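Reading through the structure tokens given below for one structure.
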Amino acid sequence: MSQTNTSLLDEVVQWSQETCRQKLKSVLPKLTSLHNNSESWDDHIRILKIITDMFLPHIGLSELEDECFSKILPKAVTMFERMIKEILGQVGGLSSQNTELCALLRNILQAMVQIIDALSSCVRHVGTFEEAPDLDAIRSLPTCILKVLKETFQHCKESEVVYCGRLSLVADLLQGLFKEAYSLQKGLLELLDRVSLDSSAPEEEVFDIVAMIHNLLDICSIISNLDIALHANTWKFLIKQSLKYQSLVEEHLHHGDISNSLCDNLLVSFNNCVELAEQIKHAGLQEATQSSEYKLFQKTAKMCRFFANTLVHYIKEFKCFLTKYCHCYHQLYLQILSNFPPSSCAPTLPSALSVELNAAALVPMDALLLQLLPLRPFVELVLQNDPRLAADHELPHCLLLLSVLGQLPSQPEEVLQLWYTGSQFSEETPRLPLHQALFTSFRRCYTERRVPVLMPGVMMKGQAQVPVTLHNHMCVQLCASVAALPPVYFPVLERCLFDTVLQPDTQTALLATDVWCFTARYGTAELCLHHVLLVAQLVKSCTTECYQSAHLGLLLKRMVFLMTPDHQMELIAHFPPSEVGNLPVWRRVLLRALSQDARHRVEADIIDLTRGALTDWQDGGYKLGQVDKVNMVLMPLLAVVRVQSSPEEQCVLSAMRIITQLWLRMCPDQVQTHPVLQCTLQLLLSISAILVKNIEPQVICQALVCVGNVVSQKCADQLLLAALEFLSSLGKIFVPSDSQNEILPRLSSLFAVLLAYRAWLLQQHALEAFSQFAEITNHEEVISQSLSVEDTKTRVVNYLSKTVNAQEDVESRLQRLKLETAVIEQHNERLEMNTGNVPNTLSAEAVADSEPSPKRARQETRAEDEYSRYIQTAASALKALQALAEGTANIPAPPPQWLEPRLQELQTLIAHISTARRTT
């Protein structure tokens, strides 16, 4: 600096305030020029301090920007940035021995503090004016100060890395620098809070506000780990300014950056809370309530609540600009919920801390969800068929859907339409109806259903809540939603229930059955009748045993209980039990659900039909090809005998004659060979277990012989379970002495074989059956003879004493269940693929049953189908003929003499058919 300039500065510092005021116009331009041309930091800071301390107080508000701020502040920022670069370039050689470098760096930090102090003087001066300043009057001030603040906070944040173990040499100055910057930002924000723009503000000022908000956002990301109060206050101001100038800035703001930063800060605060809570838990809650960790936990929880509420408020105000970020909000919701019970990965925290954390993070999630409900992208994201979630997020997603279900009744019609109906046009992004999405989500919660996780129950009759399973909780919520559902959406609900009942996961189908039954009870009796007739038609349409048939049968069984007596008679009229084609319906109905008149009608028809089937079988020579018809009538007969309370009732006597006749026709060798007879045996065992007190000893002996033969070979588990049911029931009777030698050894032998099975399901049922038999039997010798093998005896003793051989710890069991989930899902997927279009077929039949059928076009019979039908008939007849000829059909009469010529005729006929086919 020249001698002249030095003399000017030396002279100015001697002036009084009055002299400065008088010579402001002539001296200030010279000082600002000197300031801009100065190269030395010392000269720069000296001139800056002279201007801000001596001349700034005399400059009017209207002249501040043009005469002072625009001339000195950009240079101050440049000098500040150069100082930081100098530190970064020199700090590598810093050490306690290098006193010269240490002094240099300390001088630079002190100079930085002086620059910040000068900027603070500028802010304080503007604040002395009574009128609120226009942004244009101080434009350079916020821009330059925010740059300095950003550099300062960044340097403080990186100080441990920058000074690398030598931080103690400058720590006092860094602390002072941070405090000055903190004070400067506080003053600047208070000043900017007084500034206001109207709707006619020029574009330049609008862009200045937008830049200020974005700079504050950058500062927020820097100071997040430096100071909680500073971080919170900066965010408050940022959001406040965004809303203050909403109409001006909303199209220019980086909404994604702001909302994503809020999400990130919320998650960081929340995770910090969880970690602190776990530390406090390990330290002991009673000792830790006054500890620094507990106070820090409370501060962090307060920040968590702040960020959650701020995010909700921001989404509420800028909803239409945030639709593309719905994925972030969805993930945020799932991550928060996954850290709270009943999630299997949630940490176990002390109740007091859990309550605070719940208020800080979980409660605001409901408010967040309320803001997201009208957003179509969020609806499409949440209701997609396969959201591909992490395993730990399946339950939180299910709970999210339940929360949506609870909030919808207060929403307008257009929101209900979005959630309840699903996608309706091909050009729409595919989405499920909400109820369907809930059932699908419940199905995916395999692990949580099997643990099981427990949810808060509903308070009833003044009684306190008790924990309930996820199934129970969802059932209550779904049924409540049905009660509040507008009628226009009931067809969609019915379709969802129908589709869910027809999918392979049994517990999910059971949940849909629960809701369907509530729907039938909540509606009119006519609606219940309509549903029963529909389901009964579907049951009748399932011609083979499949999971759909079982699920529909369970639904039908329960819904018949809800019908009025008149409607039950109408059901009988629609599906007369006297017709064989309707028997699949009546085998699924619990007859005790019927009124007395309806029950007697059904019982009589089934008994008559069963007698008729046996007579036809007998008249036809007991052919194997007719056993299927016998089995078909035995299934509803089982339903009949299950409801009979007195052995003297006519139905019981008729059933006894029928099963006695059948037992005497059962040939053990044939049962081994023909699966159709094994099905007959299974039904006979189940019926005999109910009527065991009325069965003659020779029939029991015949049954044991048949069971013994099939048990010695590989057979279906269902048959073995029916055998165990029958064996258990034999404990109710006393075997006459003249039959004991034939029955008791066989009984002991069968129990010994079945108790030795290793398959866990059969083993469990065998233990249950044996224990039930042992409790009531008079033939105690059977017990000891059944336990002749030591291993079997030990297993039975352990079962009776409820001894657990190996206790699986909670974590191991949870991991095992998670691994099994993939296997179960693959099994269910295979079931769905193997059944092909069964649900679609049933759906078509359901529609046909509930709506008038249009006239169908005549369909030509395919020749291939005709060939197939006739060849199957011929093959079945020839197999039955073979059984007769080989003597395996239990018919002692020799073949008639005319058999051989007739066989020759058949061979000739087959030859002619082959020749005719080749010629054609």
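The values are calculated or read from the model by the stated rules, or taken from the named source; none is laboratory data. Note that the coordinates shown come from a computational prediction; the quantities given were computed from them, not determined experimentally. We place every Cβ from the backbone using ideal geometry, glycine too, and count neighbours over all the protein chains shown.
The table below lists the values:
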quantity: Count - residues of segment 157-187 that are in a helix (DSSP H, G or I) and over 24 Å from residue 99 (Cβ atoms); calculated: 11
quantity: Condition broken by residue 159, with the remaining ones in (1) under 52 Å from the mean Cα position of the chain (by Cα); (2) farther than 17 Å from residue 90 by Cα satisfied; calculated: (2)
quantity: Residue match in segment 734-745 (condition: more than 30 Å from residue 673 (Cβ to Cβ) and either in contact with a Lys or Arg (Cβ under 7 Å, 6 or more places away or on another chain) or charged (D, E, K, R) (or both)); calculated: yes
quantity: Failed item, numbered, when residue 544 is tested on (1) under 25 Å from residue 828 (Cβ atoms); (2) in contact (Cβ under 8 Å) with a residue 40 or more places away in the chain; calculated: (2)
quantity: Residue check for residue 102: over 20 Å from residue 29 (Cα atoms), more than 56 Å from the chain's Cα centre (by Cα) and surrounded by 15 or more Cβ atoms within 10 Å (Cβ to Cβ); calculated: yes
quantity: Test: residue in segment 651-660 that is in contact (Cβ under 8 Å) with a residue 12 or more places away in the chain, within 20 Å of residue 544 (Cα to Cα) and of a type in the set (S, T, N, Q); calculated: no
quantity: Residue ID - farthest from the chain's Cα centre (by Cα), chosen from residues in segment 229-267 that are in a helix (DSSP H, G or I) and aromatic (Phe, Trp, Tyr); calculated: 237
quantity: Tally, over segment 188-202, of residues that are assigned to a loop (DSSP other than H, G, I, E, B) and among the acidic types (Asp, Glu); calculated: 1
quantity: Segment 723-743 residues that are among the β-branched types (Val, Ile, Thr), paired with ones that are crowded, with 21+ Cβ neighbours inside 10 Å (beta carbon under 7 Å, 6 or more apart); calculated: 735/743; 743/700; 743/704
quantity: Qualifying residue in segment 487-499 (condition: over 21 Å from the mean Cα position of the chain (by Cα) and on the phi > 0 side of the Ramachandran plot); calculated: no
quantity: Unmet criterion (only one of (1) modelled with pLDDT of 90 or more; (2) closer than 18 Å to residue 75 by Cα; (3) in contact with a Phe, Trp or Tyr (Cβ under 8 Å, 6 or more places away or on another chain); (4) not polar (S, T, N, Q)) for residue 54; calculated: (2)
quantity: Subset of segment 563-582 (residues that are outside any loop (DSSP other than H, G, I, E, B) and modelled with pLDDT of 90 or more); calculated: 565, 566, 567, 568, 569, 570, 571, 572, 573, 574, 582
quantity: Search result, residues across segment 386-422 that are under 19 Å from residue 486 (Cβ atoms) and of a type in the set (Ser, Thr, Tyr); calculated: 410, 420, 421
quantity: Any hit, segment 174-193, residues being over 25 Å from residue 299 (Cα atoms) and basic (Lys, Arg); calculated: no
quantity: Cross-chain or 6+ apart pairs with Cβ under 8 Å, segment 466-485 first and under 18 Å from residue 443 (Cα atoms), then basic (Lys, Arg) and in a helix (DSSP H, G or I); calculated: 469/449; 470/449; 471/449
quantity: Residue in segment 511-532 that is farthest from residue 591 (Cα to Cα), counting only those that are surrounded by fewer than 17 Cβ atoms within 10 Å (Cβ to Cβ) and of a type in the set (A, V, I, L, M); calculated: 527
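Conditions (1) among the charged types (D, E, K, R); (2) within 24 Å of the chain's Cα centre (by Cα), marked per residue:
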{"site": "475", "(1), (2)": "no, yes"}
{"site": "514", "(1), (2)": "yes, yes"}
{"site": "535", "(1), (2)": "no, no"}
{"site": "545", "(1), (2)": "yes, no"}
{"site": "551", "(1), (2)": "no, yes"}
